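Read-outs: derived from the displayed coordinates by stated rules, not from any lab. These numbers come from a predicted model, not from an experiment. We place every Cβ from the backbone using ideal geometry, glycine too, and count neighbours over all the protein chains shown.
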Amino acid sequence: MNKKKWLLVSMAALTLTATACSTKSDPTTPAAAPATPAPAASGAAPAKVEAKPALKSLQIWQKDDYNTYPVAKLLEDKTGYKVQYDMLPQDKPQDKLNILVASAEPYDAITTGGGSEFKALYADYAKKGALTDLGPLIDKFGPNIKASVSQATLDAAKVDGKLYAVPTVAVSFAGTSLMIRQDWLDKLGLKAPTTLDELTAVLKAFKEKDPGGNGDKNVPFTIKGDDPLVSNISGAFGLTNYYNDIDGKLVPRILDPNFKEYINYMTDLFKQGLLDKEFGVNKDATMKEKFSSGRAGVMPLHWADVPVIADALKKTQPDAKINYIPALKGKDGKYGVSASSGFDRITFIPKASKHPEDAIKWINAKLEKDTFKTMAIGEEGKHYTFKDGSYMPILPIFTDERNQANNFLMGVDEKNYPTYWQARVRKDPRLFEAWEFLNIKQPADTRKVDVLGISPFMPEYSKNFQQLNTMVNDYAVKLVFGAENITGLEAFQTKYKAAGGDASLKEINDWYPTSKK
């Protein structure tokens with residue numbers, strides 16, 4: 001979209017702002033009171049301290065209100081900035097984000113996820129002139145940002161040589177795999193599946209013997225419609241990440257020879273009534289509700305969501321037990337789950353911000369070493385203990401006051417945060433058990449790192465990623481449902497290549513060899 005079209009979209013979107021923006025900010029909210037100045041030297045006029053403006057920050061979704069969460073008050077006291085926090089929705093946050101950016105909603109900072117889809121949106125906004133160039137501001141007001149965030153990380157976030165965001169590096173671990181009702185397995189005298197054939201057999205037993213007693217509401221296996229290439233199962237076909245290495249080149253799933261085999265497997269599950277017949281319209285919350293209400297036996301789940309799902313399930317089925325299944329092996333021995341790399345979060349300042357300098361000063365103040373540590377894991381002796389090189393949370397106060405502290409991060413102390421992070425995964429035994437299974441107890445080669453996570457900005461890839469991924473997901477859903485026939489795969493691949501797939505593929509593989517040096 002050229003700049004003229006972008007302006008037209010922006011003007012049109014202004015009419016949507018009143019309904020699209022569910023902000024809670026009050027334009028009459030006073031700015032935070034200035035800090036008390038130090039006593040002036042005898043005979044000298046007291047130093048003038050300017051009041052800091054109130055800021056507006058748009059964050060990723062979380063279950064609690066940011067504004068009343070204890071970390072918000074801590075940061076206000078430590079940085080001197082009063083901040084009004086708003087959230088993106090849990091489902092399809094990209095759509096809402098596009099509206100807010102196009103309508104020039106005056107946020108001073110916007111934090112999104114750091115995955116490929118959000119990296120693509122970020123780069124697109126930067127190319128269209130919707131974001132503030134942070135390089136000069138960080139040079140002038142961001143010494144803590146420079147000291148905390150490595151130059152390599154900052155370089156990876158640049159678009160056309162300019163830095164428009166403060167990236168938050170991910171602590172690299174496997175995240176999502178297949179969760180199963182262990183009590184259903186126990187009731188039927190079955191072991192957790194380790195191969196695709198064993199998974200099919202288990203799902204058949206769940207359907208035919210209905211260990212949950214759900215009758216016609218029984219759902220052996222549920223997934224969500226916008227993610228039909230399911231973690232763990234996709235790994236058994238070598239399709240672990242969006243792009244995977246084949247003979248030294250990165251190839252997108254849709255062009256991988258094993259894509260057809262994956263679809264055939266999932267279609268077979270669907271035809272047998274083993275895969276949720278409503279999966280195409282399932283949202284994330286719908287899928288989780290089917291599992292946590294006791295209707296479904298298997299679903300993909302990130303380890304961070306395990307305690308919430310376990311608690312919800314216990315309310316309806318007190319004796320329920322859940323476990324991850326091992327990485328499933330395909331017929332040729334392939335297996336694996338995706339391991340994150342790159343950015344966990346991206347924070348940028350839109351051109352519509354009324355206080356870009358103060359936004360950088362605020363982010364910089366959050367990265368002062370003691371402030372950052374207190375924000376991330378709290379106070380020693382109150383929220384955590386430190387012994388033999390390990391941080392252990394003090395419960396329940398750590399969970400009450402720091403459980404969602406990671407959502408306030410805008411850049412991290414890259415040297416120390418991986419150690420601080422230990423306290424987070426130990427805050428709930430169920431959480432630690434789930435994380436440990438995926439990242440410690442499974443063989444190391446189970447975790448397939450997404451090499452594109454920390455790749456530099458690539459114009460074609462960034463521009464095309466979201467639309468191409470949506471194309472592939474929609475097509476995969478239609479194939480499994482039977483609305484499309486797999487015999488049309490080659491024609492779809494041609495369409496995919498013409499829509500930007502070829503350009504992205506060339507760009508990625510021009511870069512890929514350099515990443516191995």
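The fraction of Cα-Cα pairs per 5 angstrom bin, counted from 0 for the range 54-198, comes to 2, 7, 13, 17, 17, 15, 9, 5, 5, 5, 4, 2, 0, 0 percent, rounded to whole percents. Simple rule: put +1 on each Lys or Arg Cβ and -1 on each Asp or Glu Cβ in the chain, find the dipole, and look at W511, L239, S293; the Cα lying farthest toward the positive end is W511. Using only the alpha-carbon atoms, how far is helix 459-481 inclined from the longest principal axis of the chain? Give it as 0 to 90 degrees, nearest 10. That helix lies at roughly 30 degrees to the long axis. Helix 70-79 axis versus longest C-alpha principal axis of the chain: approximately 30°, rounded to the nearest ten. For the chain, the longest principal axis of the alpha carbon atoms and the long axis of helix 259-271 meet at an angle near 70°.
Applying a DSSP loop filter and a limit of 15 other Cβ atoms within 10 Å to the GluC sites (Glu not before Pro) in the range 253-338 leaves E278. Summing Lys and Arg as +1 and Asp and Glu as -1 over all other residues whose Cβ lies under 13 Å from the Cβ of P393 gives a net charge of +1. Straight-line reach from K52: which aspartates and glutamates fall under 17 Å, measuring Cα to Cα and dropping same-chain residues less than 8 apart? Answer for K52, where 17 Å is the Cα cut-off: D26, E76, D77, D108, E357, D358, listed by chain and number. Would you work out if the range 241-371 is rounded, prolate or oblate? Take a ≥ b ≥ c from the square roots of the eigenvalues of the alpha-carbon gyration tensor; rounded if a/c is under 1.5, else prolate when a/b is larger than b/c, oblate otherwise. Taking the square roots of the gyration eigenvalues as a ≥ b ≥ c, the range 241-371 is oblate.
Projecting the Cα atoms of L134, T168, T112 onto the dipole axis of the range 111-242, where Lys and Arg carry +1 and Asp and Glu carry -1 at the beta carbon, places L134 farthest toward the positive end.
Phi-derived couplings, Karplus 6.51 cos²θ - 1.76 cosθ + 1.60 at θ = phi - 60°, listed residue by residue for the range 145-158: 4, 5, 6, 9, 9, 5, 4, 4, 5, 5, 4, 5, 9, 6 Hz, with x used for Gly and Pro. Remark: spin-label model distance T494-F386 equals 6.3 nm, labels positioned 7 Å along the Cα→Cβ axis.
Annotation: amide H-H contacts under 5 Å for I246 (H modelled 1.01 Å from N, sequence separation of 5 or more, or interchain): V251. Each residue of the range 178-193 was assigned a 3J(HN,Hα) from its phi angle through the Karplus curve 6.51 cos²θ - 1.76 cosθ + 1.60 (θ = phi - 60°); the sequence is 8, 9, 10, 6, 5, 5, 5, 4, 4, 4, 9, x, 10, 9, 4, x Hz, with glycine and proline shown as x.
Annotation: amide H-H contacts under 5 Å for L55 (H modelled 1.01 Å from N, sequence separation of 5 or more, or interchain): K82, V83, Q84.
From the gyration tensor of the Cα coordinates in the range 453-517, what semi-axes in whole Å does the equivalent ellipsoid have, largest first, with each one equal to sqrt(5λ)? All intermediate terms of the calculation are to be shown ahead of the outcome.
Details: eigenvalues 150, 26, 23 Å².
The answer is 27, 12, 11 Å, longest axis first.
Taking one quarter of the surface of the convex hull spanned by the alpha-carbon atoms of the range 119-240 gives a direction-averaged projected area of 12.0 nm². Here the relative contact order of the chain, from alpha carbon pairs under 8 Å that lie six or more residues apart, stands at 22 percent. The shape of the range 327-368 comes out prolate: with a ≥ b ≥ c from the C-alpha gyration tensor, a/c is at least 1.5 and a/b beats b/c. Report summary: the helix-based calculation at 222 nm, which adds -39500 (n - 2.57) for every DSSP H run with n ≥ 4 and divides by the residues of the chain, gives -11500 deg cm²/dmol. Computed log10 I(q)/I(0) for the range 315-397 at 0.18, 0.19, 0.26, 0.27 Å⁻¹: -0.99, -1.01, -1.19, -1.21, from the Debye equation with unit scatterers placed on every C-alpha and solvent omitted.
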